[in-house]
Each structure stands twice: as C-alpha cells, then as structure tokens.
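Nothing in this text is a laboratory measurement; each read-out follows from the coordinates by a stated rule. Please read all numbers here as calculations on a predicted model, not as lab measurements. Cβ placement follows ideal geometry from the backbone for every residue including glycine, while neighbour counts extend to all protein chains displayed.
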Amino acid sequence: MRLLFVGDVVGYIGCAFLWDNLKQIKRDHKVDIIAVNGENSAVGNGITKKSAEHIFNSGADVITTGNHAFKRKECNEVFTMPNILRPINFPEGVQGRGVTVLDLGKVQIAVINLMGISFMEPIDNPFFKIDEVLKTIETPNIFVDFHAEATAEKKSMGYYLAERVTALVGTHTHVQTNDSQILCGHTGYITDIGMTGSEESVIGVEIELAISRQKYHTPVQFKEATEKPFLNAVLIEFDEKTGICTKIQKIIKRN
Ligand SMILES: [Fe+2]
Ligand SMILES: [Fe+2]
C-alpha cells in the first residue's frame, strides 16, 4: 500500500495549490491514504474549520497539526471533527486527540501526531508518551508525524521507533531534508517533509517581513507569501501485513 504524507500547508496559496494538485498526485502515484499537516492552513496561521474542510475536500484522509494547533478561537470546533489530530503529548485536559485508526476493512492504519520538546513548548516528554501510546495500538501499520524543531531529536525518535512503526516523518521546519531512508530495514524516515505554499518565501512568510524579524529581533506581523507555490511530500510504500516500509520517496510538485 501507499501512504502520501504532505508537509505543512501554509495559508491560502498552500490550500489552493493542494486543491489543484493533490488528486492528480494521488492518481499518478496510486496512493491509498493521504495525511496532510494543516497547522498553518488558515490565513494568518493555525487551522480553522474552513481550512480543515478544504484540506479534506482536496483529498486528505487525516490532518495532523503541531505547535500552531490551538492558535485560533474556533479550535474547539476544529478538534471535535473526525480525523483531525493535535500532538498526543499535550498534557491531560487539552482538547482533541493525537491518534486515529483508519479502518479500511481488511487493513487498519494508525496515524499518530507527536511533538518535540527541544526548542519547543515544554509539553510531555514524547519518548515516554509514545511508549504508552504504542501499547494501545493493534495494527502494525503505524505512521507518526513528529512535529519538531531539532534534527537530533527527530533522528533520535526515528531510531527509538525503528522496527516499532511503519514510518516516522518530521514536520515543522518547512524545509524538506535530503535524508529519506529506511531505518533498521523496517521504518521509513525523513527529518522533515517540507511545506506546501510559496517557495519564494522564508518558510512560507513574505521575505521582507522575515528578514526584518531576523535582522532587528523586534515583533513583526507575518503575512503568507504568495509567489511560486509548491508542494512537498513523501510517498511511503509498505507491506500492510507486516507494517514494514519498503520504500520512501520524496516528492516535490511545482507548476
Ligand atoms: Fe508549520
Ligand atoms: Fe510548527
């Protein structure tokens, strides 16, 4: 089977490009299941009911998020929708859920959203949390979106989960890394799958605003860039009987 994992959709341009391309990518690569990180899909960041519905209507089966999950007031409504995840290691009491199991009849696919804590909000330790979560999952087909900043934390988690999950893909940095590989002959891995939005930008933000923020270190109201949209993803082929990843392929789609 084949699962496509699409990197953080940023703003209107990212949503529009997803709409225009996802169904064709699905046909071209014979994709069975699509997961999309939507934490930046609303204009002005975060995720809204409207942007989530747009991602589902574009072809996604599951939406993952990250540190921007609860940016918008309407997050109550968003995280009661089915198959929308927020990082599972938020403390007890936080709304929403961090794991879903898609039932395709003969095959079950678990998708887990986890978040790093290096240079991020100090939520629950993701290593201990994932151990707990994996005990509750029965299918061998397990896909983890590890939303994290530090490459070392991501690579460590990749090896920590090697032979225990089908694939672990990194999100959050919005830059696709060139290290897709299969760990221990079992677990597909990439440090970051990248983003879906403007390529002519600084991780999706208008260039001049981003430069100003970095140069002066004073607050800047970010705006999504709109030039040259592209889509970043990985295609994960796996044996659904064993949960073993047999191939992981980077995908970048431009106009
Ligand atoms: Fe993001
Ligand atoms: Fe993020």
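Numerical summary
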| item | result |
| --- | --- |
| Proportion of all alpha-carbon pairs of segment 138-223 beyond 21 Å (%) | 42 |
| Extended-chain gain in nm, criterion 0.36 nm per residue less alpha-carbon gap, LEU104 and VAL175 | 22.4 nm |
| Per-peptide average of other Cβ atoms within 10 Å, ordering 127-135, 226-234, 27-35 highest first | 226-234, 27-35, 127-135 |
| Antiparallel DSSP beta bridges within segment 2-254, as percent of all bridges there, nearest 5 | 55 |
| Cα centroid separation, segment 216-255 to segment 1-56 (Å) | 10 |
| Distant-in-sequence amide H partners of ARG97 (H built 1.01 Å from N, under 5 Å) | ARG86 |
| Calculated FRET value between THR80 and GLU200, using beta carbons and R₀ = 35 Å, to 0.05 | 0.45 |
| 0 to 90° range, to nearest 10: angle between helix 126-135 axis and the chain longest Cα axis | 40 |
| Scattering profile of segment 212-255 at q = 0.20, 0.30, 0.34 Å⁻¹ [log10 I(q)/I(0), Debye over alpha-carbon scatterers] | -0.77, -1.00, -1.10 |
| Value of D in µm² per second that Stokes-Einstein yields for the chain, Kirkwood Rh from Cα pairs, at 20 °C (1.002 mPa s) | 120 |
| Percentage of interatomic Cα-Cα distances in segment 4-156 larger than 21 Å | 43 |
| Relative contact order of segment 148-244, defined on C-alpha pairs under 8 angstrom at six or more residues apart (%) | 25 |
| Under Karplus coefficients 6.51, -1.76 and 1.60, residue-wise ³J(HN,Hα) of segment 196-201 in Hz, glycine/proline x | 10, x, 7, 6, 8, 6 |
| Cβ-based net charge around PRO91, under 11 Å, with every Lys or Arg adding one and every Asp or Glu removing one | -2 |
| Segment ALA16-ALA162, length gained on full extension (0.36 nm per residue, minus Cα span) | 49.0 nm |
| Other-chain or far-sequence residues with amide H under 5 Å of ASP8's (modelled H) | ASN37, HIS172, THR196 |
| Inter-label distance, nm, simple model (7 Å from Cα along the C-beta direction), LYS73/LYS228 | 3.8 |
| Angle in degrees between helix 49-58 and the longest Cα principal axis of the chain, rounded to the nearest 10 | 60 |
| Sequence ranges 137-143, 69-75, ranked by mean other-Cβ count within 10 angstrom, highest first | 137-143, 69-75 |
| For the chain: relative contact order, % (alpha-carbon pairs under 8 angstrom, 6 or more apart) | 19 |
| Segments 39-49, 197-207 sorted - mean Cβ within 10 Å per residue, highest first | 39-49, 197-207 |
| Full-stretch length increase - ARG213, GLU53 - with 0.36 nm per residue and alpha-carbon distance subtracted | 54.4 nm |
| Size descriptor, Kirkwood hydrodynamic radius, that averages inverse alpha-carbon separations across segment 52-116, Å | 12.5 |
| Of every Cα-Cα pair in segment 81-129, the percent that sits beyond 16 Å | 46 |
